[in-house]
Amino acid sequence: MKIIIDAFGGDNAPAEVIRAARMAKDTLDTDVVLCGDTARIRDCAGELGVNIADLEILHAPGVFDIHAQPGTIVKEGKETSLAVGLRAVREGRGDAFVSAGSSGGLVAGATLLTGRIKGIKRPAMTALLPTAKEKFILLDAGANIECRPEMLVQFAVMGSAYMQCVKGIKSPRVALLNVGAEETKGRELEVQTYALLQEAPVNFAGNAEARELPQGHFDVVVCDGFAGNMILKLYEGMGGYFRDTLKDWFGGGRGRLAALFLLRKIKAFRKQMDYKEEGGGIILGVAHPVIKAHGSSDAKAFFNAIRQAKACVEGDMIGMIAENMAKMKGES
C-alpha cells in the first residue's frame with residue numbers, strides 16, 4: 001500500500017510532513033510517498049537529520065497557494081504538489097492522498113482530478129467530533145453550502161460506510177441535524193430528507209438537535225455545509241475554551257495539587273478534544289481516499305492522517321459506498 005502525502009501543504013510543511021512520513025514508514029507497515037520539490041525535501045530532511053533514503057519522492061515543482069481559486073488546480077496549479085499527488089492516486093501510483101493545504105483546492109482537485117464515485121452528486125467535507133461517548137462524523141462540514149435532499153441522503157450513506165469500515169461500528173446510527181425531533185420540523189430540505197432517509201440503506205435514527213450532539217447518541221450526523229461548518233467552528237471554539245479553563249483551574253498553587261489527583265482524567269479529556277488524534281477530515285464521495293489534515297498539523301497529526309488513510313484503504317470504504325449507491329439506484 002502507498003499513501004501519498006503533500007509535502008508542502010500546511011503551516012509546518014515540509015519539516016513536520018517529513019517527520020510524519022518517517023514515523024509512518026517505520027510503524028504502520030505502509031509505503032509513504034512525499035510529493036513536492038525533490039531538492040527542497042532532501043535539503044530539509046538533511047537539516048532535520050531524518051533519513052528518507054527509503055522513502056519515494058514524487059517531484060512537483062510548485063505549491064498551491066491557499067489564496068488561489070480552487071478551480072485553478074486543474075490548469076494553473078497542475079504542477080503543484082497538491083495536483084501532482086492527486087493525479088498520481090487517480091493513475092494508480094498511490095492508494096490514498098493526504099494534504100494540509102488549501103481546503104477548497106483539495107476538494108476541487110479531489111473531485112476533478114480523481115473523479116467521483118458513480119452516482120455521487122457532490123463530495124462532502126467531514127469532521128470527526130468528540131462526544132461523551134465516542135466520536136461522530138459530521139457531514140457536510142462546509143463544502144456544499146446549499147444542498148438538495150438527495151445529496152443529504154448520499155452524505156448519510158457515505159458517512160455510514162466510513163464509520164463501518166474505518167471505525168468498526170456495525171450499524172452506525174444516522175441522524176439528520178434539525179431544529180426539533182418531529183419529522184415535520186425544519187425547512188423543506190429537512191422534511192423531504194427525513195422521508196428519504198427512512199427508505200435509505202442506513203440505520204436512520206431520526207432528527208438530532210444541536211444540543212444532543214455532545215451526548216453521543218449518534219454516529220453520523222448529516223446537514224448542509226452551512227449548518228455543518230457552524231457546528232464545526234463552534235466545536236473548535238468550545239474546545240479552546242475548555243482547554244483554557246482547565247489551565248486556569250489547575251495552573252498554580254492549590255490548582256496544581258488538585259490536578260495531580262485528576263491528571264489521568266484531564267489528559268484523557270484533552271486527548272479527546274485534540275484534533276491531532278484523528279489526523280484530519282476525509283473528503284467523501286471521490287473515487288479514492290483523500291484526507292484533509294488541519295492547516296497547523298504537526299508530525300503527530302500528519303502521522304494520524306496517514307494512519308486514517310491506511311484504514312480507509314484496508315476497510316475498502318470506497319467499495320462499500322459504491323455498493324450502497326448501486327443498491328439505491330436499483331431500488332429507485
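Taken over segment 90-109, the criterion of being of a type in the set (Gly, Ala, Ser), crowded, with 24+ Cβ neighbours inside 10 Å and touching a Lys or Arg at 6+ places or on another chain (Cβ under 9 Å) is satisfied by Gly94, Ala96, Ser99, Ala100, Gly101, Gly109. Within the option set Ala143, Ala124, being small (Gly, Ala, Ser), touching a Pro at 6+ places or on another chain (Cβ under 7 Å) and within 21 Å of Ala322 (Cβ to Cβ) holds for one residue only, Ala143. Of the residues that make up segment 143-150, is at least one under 23 Å from Ile5 (Cβ atoms) and either at pLDDT below 95 or over 17 Å from the mean Cα position of the chain (by Cα) (or both)? Yes, because at least one residue in segment 143-150 is under 23 Å from Ile5 (Cβ atoms) and either at pLDDT below 95 or over 17 Å from the mean Cα position of the chain (by Cα) (or both). No other residue among Ala20, Ala39 is aliphatic (A, V, I, L, M) and surrounded by fewer than 19 Cβ atoms within 10 Å (Cβ to Cβ) apart from Ala39.
Going by the structure shown, is Asp29 out of contact with any Phe, Trp or Tyr (no Cβ under 6 Å at 6 or more places or on another chain), within 30 Å of Asn144 (Cα to Cα) and assigned by TED's automatic domain parsing to the domain that holds Phe97? No, not satisfied. In the condition set (1) under 30 Å from Glu323 (Cα atoms); (2) in contact (Cβ under 8 Å) with a residue 60 or more places away in the chain; (3) not hydroxyl-bearing (Ser, Thr, Tyr), Glu190 is compliant with all but (2). In a helix (DSSP H, G or I) and in contact with a His (Cβ under 8 Å, 6 or more places away or on another chain): does that describe Ile318? Considered against the rule, which asks whether it is in a helix (DSSP H, G or I) and in contact with a His (Cβ under 8 Å, 6 or more places away or on another chain), Ile318 comes out as yes. When segment 128-181 is filtered for residues that are hydroxyl-bearing (Ser, Thr, Tyr) and within 22 Å of Ala287 (Cβ to Cβ), the ones remaining, listed by number, are Ser160, Tyr162.
Among the criteria (1) outside any helix (DSSP H, G or I); (2) in contact (Cβ under 8 Å) with a residue 24 or more places away in the chain; (3) not acidic (Asp, Glu), the one Gly92 does not fulfil is (2).
The values are calculated or read from the model by the stated rules, or taken from the named source; none is laboratory data. Only a predicted model underlies this, so the values are computations on that prediction, with no experimental measurement involved. Here Cβ is always computed from backbone atoms with ideal geometry, including for glycine, and neighbour counts include all displayed protein chains.
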